[in-house]
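Engineer: Take a look at the following structure, please.
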Amino acid sequence: MEKEKFKEGFFHIFKAAGYSLAGLATGLRLSLAFRQEAAILVLLLVLLGVYGKPVSTWLIGIGAWLLVMMAELLNTAIEEALNLITTDYNIHVKHAKDMASAAVFLMLTLNAALWFCMFVLCLF
């Protein structure tokens, strides 16, 4: 009975956090794009520090970049799942993969505009 208590309620948070960290490690291991985005995150942190941007800019910029990384993880997860279904060409699989990739592209486009405003137009 005691073991069951640890599987639910408050203690489940720790187990879920472990799954999340495993997902990040898997993303770093399997996805070149995710590794590149993680490296860009480090570069962006350095830029924010060097230029002495305010905390609000840090929150907006890093939050927006983390959305890119989240989209990339979802894109990679969709690709992995679809590859389990079939490795043969299938137009529906192609559509799903293309749409997941488009989500990452849209987030990258939004971030390019945001970071341009933060560093070139100095709006933040």
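Throughout, read-outs are computed from the coordinates displayed, never taken from laboratory work. Keep in mind the model is a prediction, meaning the values are calculated, not measured. Glycine gets a Cβ as well: all are built from the backbone with ideal geometry, and neighbour counts include every protein chain shown.
Engineer: Give, as ranges by residue number, the residues of the range 15-31 whose backbone N falls under 11 Å from the point 7 Å along Cα→Cβ of Asn83.
Structural biologist: 30-31
Engineer: Based on the alpha-carbon set only, what is the convex hull volume of the range 15-77 divided per residue, in Å³? Mind dumping the intermediate values first?
Structural biologist: Working: hull volume 5.3 nm³, N = 63.
Here the figure is 85 Å³ per residue.
Engineer: Please rank Glu79, Glu37, fewest neighbouring Cβ atoms within 10 Å first, as an exposure proxy. Don't skip to the end; give the middle numbers.
Structural biologist: Values: Glu79 16, Glu37 23.
Sorted ascending by nearby Cβ count, the order is Glu79, Glu37.
Engineer: Would you work out the relative contact order for the chain, in percent, from Cα pairs under 8 angstrom that are 6 or more residues apart?
Structural biologist: Values: 55 pairs, mean separation 29.5, N = 124.
For the chain, the relative contact order is 24 percent.
Engineer: Something else about it: Quick one: if you take sqrt(5λ) for each eigenvalue of the C-alpha gyration tensor of the chain, what semi-axes come out, biggest first, whole angstrom?
Structural biologist: Working: eigenvalues 192, 124, 26 Å².
One finds semi-axes of 31, 25, 11 Å for the chain.
Engineer: Rounding to the nearest 20 debye, state how big the charge dipole of the chain is about its Cα centre with +1 on each Lys and Arg Cβ and -1 on each Asp and Glu Cβ. Let's see the in-between values first.
Structural biologist: On the way: 9 positive and 9 negative charges, 53 e Å.
That gives a dipole near 260 debye.
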